[in-house]
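Reviewing the structure listed below.
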Ligand SMILES: *Cc1c(COP(=O)(O)O)cnc(C)c1O
């Protein structure tokens, strides 16, 4: 039997190994060292923003972004419901309340009409999510937010290299937070970046990411012995220089990795297009997704779990897409988000990463066609 086709898999080579060796030999392996500035400069350039701050992960970036906006107990933050729960968690960390907002069918992107319905006098801001790497409707979001006097955070965790109406992800809201987790398009194992044009917010995030003081590396360059003063509660959210070194190489690979994924997506469209019982993902014409995840929607009468087990039997990995937040017991139900709940129940992620080839995709498509046909036959038989 052929080997298992993985749902996701990072792409590394000798360049990453050499970069790690250099850092180990340099002696500076902790965070905010000499390489962090290089990563930050290049990342800001990619996003078209003035500032970037490297942090431990995207969840940390979201937490610090909220603190920079002075979100705390008594505040509400509207959160796009269909997301990895890191988004909702970041609001809880501050003591504020996440108020979940439903999403659009097809894309899973935050629904503008439901945002208007969810606003309260306590609403301080909105976190929109770039679902699977496709940007939300930022032009409309921005004009709504400026009318209402609330901030917008772009949870761009899976969207490194995405574009929206020709502009890069990261430049679309007041601030944006990215992830370099192992399941994203480029990765340093764990990692995150905060970007913004606002110098005050960037300085605040940088300070809070290192215990509330200036970094040891910057202090070392001072003309005299610098003894920092702790005047604010910061966190240890720095990104290790080992991860930074890997991230710099991965960023160089980004155009090639994105092009590869986009070719695979076009191939999937050909191979899966005729299969009855599934709907292919919606790619909006005015934006380019990173395709961090490729999800098909399974028709409601079919059992997604059986299809997933059929794929597993054929050595193809699959998974549900991402989460519906408002149904998670942790948050306590604030609002119903029926569209998000529906796609949470029906999305099925199938293999998507830059190491796949045409043969792999043909094998996946054949397996999907077979398992979905089997499931449709089973349902037809059991319907009186
Ligand atoms: C992956 C992801 C996160 C969390 O990123 P980490 O770097 O693992 O903290 C947050 N939001 C979304 C939408 C994600 O996909």
Original post:
What tally of residues in segment 278-301 results from selecting those that are buried (at least 19 other Cβ atoms within 10 Å of the Cβ) and assigned to a loop (DSSP other than H, G, I, E, B)?
Top reply: 6
Original post:
Can you find even one residue in segment 307-325 that is within 24 Å of the chain's Cα centre (by Cα), crowded, with 21+ Cβ neighbours inside 10 Å, farther than 22 Å from residue 77 by Cβ and within 16 Å of the ligand (Cβ to nearest atom)?
Top reply: yes
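When only residues in segment 146-159 that are over 20 Å from the mean Cα position of the chain (by Cα) and touching a residue at least 24 places away in the same chain (Cβ under 8 Å) count, which is surrounded by the most Cβ atoms within 10 Å (Cβ to Cβ)?
Out of the qualifying residues, it is 150.
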Original post:
Of 105, 98, 10, which residue is within 16 Å of the ligand (Cβ to nearest atom) and over 17 Å from residue 245 (Cα atoms)?
Top reply: 98
Original post:
Of the numbered conditions (1) at negative phi; (2) without any contact (Cβ under 8 Å) to a residue 12 or more places away in the chain, residue 325 satisfies every one except a single condition; which is it?
Top reply: (2)
Original post:
Which of (1) farther than 19 Å from residue 331 by Cβ; (2) crowded, with 21+ Cβ neighbours inside 10 Å is the odd one out, the single condition residue 71 does not satisfy?
Top reply: (1)
Subject >> Breaking point among (1) surrounded by fewer than 24 Cβ atoms within 10 Å (Cβ to Cβ); (2) closer than 30 Å to residue 259 by Cβ; (3) out of contact with any strand residue (DSSP E or B) (no Cβ under 7 Å at 6 or more places or on another chain), for residue 138 >> reply: (3)
**OP:** Quick one: which helices (runs of 4 or more DSSP H) lie wholly within segment 15-95 and hold at least 2 residues that are at negative phi and within 13 Å of the ligand (Cβ to nearest atom)?
**Re:** 58-68, 86-93
Original post:
If you go through segment 173-185 one residue at a time, do you hit one that is at pLDDT 95 or above, on the phi > 0 side of the Ramachandran plot and surrounded by fewer than 24 Cβ atoms within 10 Å (Cβ to Cβ)?
Top reply: no
Subject >> Qualifying positions in segment 213-243 - at pLDDT 95 or above and either within 24 Å of the chain's Cα centre (by Cα) or surrounded by 13 or more Cβ atoms within 10 Å (Cβ to Cβ) (or both) >> reply: 234, 235, 236, 237, 238, 239, 240, 241, 242, 243
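The values are calculated or read from the model by the stated rules, or taken from the named source; none is laboratory data. Being a predicted model, the structure only gives us computed values, none of them experimental. Note: ideal-geometry Cβ built from the backbone for every residue, glycine included; neighbour counts use all protein chains shown.
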